[in-house]
Structures are given as structure tokens and as C-alpha cells.
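Take a look at the structure set out below.
The values are calculated or read from the model by the stated rules, or taken from the named source; none is laboratory data. In this text the structure is predicted, and so the values were computed from the model without any measurement. Note that we place each Cβ from the backbone using ideal geometry, even for glycine, and neighbour counts take in every protein chain shown. Note: accessible area is taken over every heavy atom of the protein model, side chains too, but ligands, DNA and RNA are not part of it. Shrake-Rupley method; radii C 1.70, N 1.55, O 1.52, S 1.80 Å.
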Amino acid sequence: EDPSSSSSTQNSVAPELPGFYYDPEKNRYFRLLPGHNNHNPLTKDSIQHKVMECKRLRLLEEEEKQKKMTRSGLNSSVLLQKRQLGLLSPTSYCRLVHELKVNCMQRRKIEIHSPDSSVAGTNNFKIIVADVACERIFTVNDVEHGGCKYGIINLSGLGKESLTVEMYDNLYFTNRKVNSVCWASLTHPDSHFSLTHFSKLCLMGIAETPGCASLLPASLFSSTNPGDRPGMLCSFKISTAWSCAWCLNPQADNCFSTGLTRRVLVTNVVTGHRQTFGTSSDVLAQQFATQTPVLYNGCRSGEIFSIDVRQRNRKGQSWKATRLFHGSAVTSIHLMEAEHYLMAADMAGKIKLWDLRTTKCVKQYKGHHNEYALLPLHVNEEEGLLIAVGQDCYTRIWSLQDAHLLRTIPSPHPSSKDAIPSVVFSSRLGGSRGVPGLLMAVKQDLYHFSYN
């Protein structure tokens, strides 16, 4: 059973009474007071938090006891033998191997070093995003007095024996909430593997206040001499901003998109040319295709639609191409490598795989938890894994092939709204010769789950 799912234990022991809470330990009912009350700990929020914390501690205790133990009959030699004897289909074999590797992952804390001793371990991680080569991670950190600051972590120190990383801070600070971040390249699409050509596109914005989009050079974080640090490549104010995406297709070179309130803005950072597409809802998630200059958008209304940025937005013309519909606000989308399928998650906790050719849902991944947060999806097609962190602070890993939930990882910190983990998964953390695994940033800590 999913440890974060609603428990039916209370219903099986005693019936629910409106306005009362049944404590199975004391075997009696207690009166609930509406809302929050400092003098009465028995509120719905406090009870729910207590139940979630008990489940989290129980899961952590079970993981410590099991260590590398997995369920009965699941080991590499038995799986290989069954595969050779023809007792397992290729699909079942791949899924079981992934389940074996995922369940053997153990958490180890990473030591963070910084040239500035005041940087490492002083602020809570909010967002971590890896570049395409997984050599570096861009971080957004909450600061104690409000606002956010940025940093870049070099993953080259993630070796087999040591787990250390270098974190570099910068001079820029924003008092705005950071809603979306993506890596960008201002040169040839293939140059995104080069350290020297990376730039960072940061999109900031909160409801009811103006936002801004900024393009930051990655060299801003690595130079030891502050006088040599370049300034922002691009920065402009916009309306309330929710999402951003960078285009790597040559037909829309040097372009990025920002998802705003009821419109999409596509900007060329070299020429300054902008295209505006009006929508009927806020655009919460975006991604460009690489084979064609097509932009996919996920909206608060639950609609997912695509835009061919080569066409001009003319009045009276319908510029929406592919259209898909969720029952709740779409919080994250991921276009698969062949670009025939699209993965999408919404605020009802639904994760669906859509066939873009037939515009039909072909798979659903159950167990994700979300009610109102903008939570990302992480897809690794090379390993055949889907990873998502829920609003309940559990990290879940599914098999892409058969949508089987392989593992549910509890957070090492108590669950809360400001402690939802941010994760990155790769087969090569630190570059082409890097180590495989899952990185998890929670509060001020960074953890590594070895996947081998």
C-alpha cells in the first residue's frame, strides 16, 4: 500500500463522527475544533501531520533494517536465469531489473564545499535543475530574511569513494518568488554539452505582482574575481509569470518562451523580436520540441495545446494545433524523446502518458499526490524510469513501460509545505564518466541515492 495514501484503519476500528476524532491508541473520541487553535492541539491539520510523520518515520525505520534487502525472489542472478530460460518476457525482465536497482538505492548525505564559507548549508534548497550533461546543477535557495538567491553546484566530486560537491554563489538576489528555471544555450544546439556556452534562464513571478525574466551567464558563478563577472544577458519585466522554456530547434534559434497569465510570450534574445499568443487560462508548464519549432503548453484550465512558433498570430485564426485535456490544472509536461508521446501531471495527482498522434491517453501512473503545488516530472527514458515528488514529500519512482510503482522514498526531513524535496536523476551525474543515481535536495541538505 502507498504509505501516503489515505488510511482506512480508523474506519475499520470505529465509525467517523462529525466534529470528533477517534484515537486508536487511547480507544476514545476527542472533539475537534474548526481551523487552527493554539490551545487545542486536536485540529485536522495537526492530526493529519501527526499521521504523516508516523508513516514517514516507520518507512525510514524499515529502510534502515532492510538496507540492500529486496522482496523475496528478486535478485539479479535469478532474474537472469529466468530470462535465459524464457520464463520472463523482455518487458517483465526490464521492469524487475529496474525494481531491483531502485530498491537497492541507499541514501548518503553529500558534503557541500564553497569558496565562500557562508554560502554552503546556510539557506534552504527550493529548486535544483541539472544541465543536459548533468555536470552541474543550478540551485534556487530561499534566504532567511525573504527572497531567493542562485548558485551552481559542480558534480565532478561525486566519485565512488567520496561524495563532495562545490557550490558557487553569485551577486544577484531577487525578492520575487522563482516559479520556473531552465538551462539555455546561445550557440549551436550541440553546444549545450560545453561548459563554456551554458547560460541560465530564470523566470520569476508571483501572483498579483509583476514578474521578470532574466538570462544569466553560467560564468557568473565560476569566476573568482568579481570584476571579471559579466552582467545579465537579458532581463525584462513581464506580467505574472508561471513557466519558461528554451528552444533548441534551429528554425527558432535563440528563442525562449514564458508562460504568463492568459498569454504566451515567445522572445528572441538576439533580435528582441516578440510574439504574443493569447490564451484563455494561465500557462503553468511549457516545453519546446527539438525536431520542430513547436511549443507545448499546459494550462490551469487543464488544457494542453501546441503552438508552431513559425506562424504569425493573426486575429481570427486558430493557432492551436494538438489539444489535450486534463480534469485539473496541468503542473508539468515532458515531451518524450521520439516526440510522439507527452507525459503530463496535474493538481489532482494524475500522471498521464498521451499519444500525440491519436490524442489519447495510453497510460496512467498512480500514486502521485498533489492538490495545488507546481511540481515537476522527471523522465529518464534511458533507464525507463519516471520520478515525481508529491506534495506529501514522498519521492515516487515508476516503470515507464508498465506504469508499475517501483519505490516510494520518504523524505529525511519532517513533511511540510516548505520542505518538499527537489530531485535530479541521471545515469551520469558529474558528466560522461559520472556516477548513476538520484540527487535529493531537502532544506539545507543534499543527498545521493546510488543507482547501480
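Between residue 372 and residue 219, the contour length at 0.36 nm per residue exceeds the Cα-Cα span by 51.5 nm.
Within the accessible surface of the range 233-318, defined with a 1.4 Å probe on protein heavy atoms only, the carbon and sulfur portion equals 45 percent. Rolling a 1.4 Å probe across the protein heavy atoms gives the range 252-328 an accessible surface of 45 Å² per residue.
In the structure shown, do any of 320/352; 149/417; 50/352; 109/149; 101/149; 320/363 have a Cα-Cα gap over 26 Å, and if so which? Correct reply: 50/352; 101/149. For the pair residue 413 and residue 444, label points projected 7 Å from Cα toward Cβ lie 1.0 nm apart. Here the range 236-385 is treated as an ellipsoid with the same Cα gyration tensor; its semi-axes, largest first and in whole Å, are 24, 17, 15. For the pair residue 82 and residue 31, a Förster radius of 60 Å applied to the C-beta separation gives a FRET efficiency near 0.60, rounded to the nearest 0.05. Full extension of the chain between residue 53 and residue 340 yields a length gain of 99.2 nm, computed as 0.36 nm times the residue separation minus the alpha carbon distance. Once the chain from residue 405 to residue 62 is taken as fully extended at 0.36 nm per residue, the excess over their C-alpha distance is 121.7 nm.
Relative to its residue count, the range 303-389 spans a Cα convex hull of 117 Å³ per residue.
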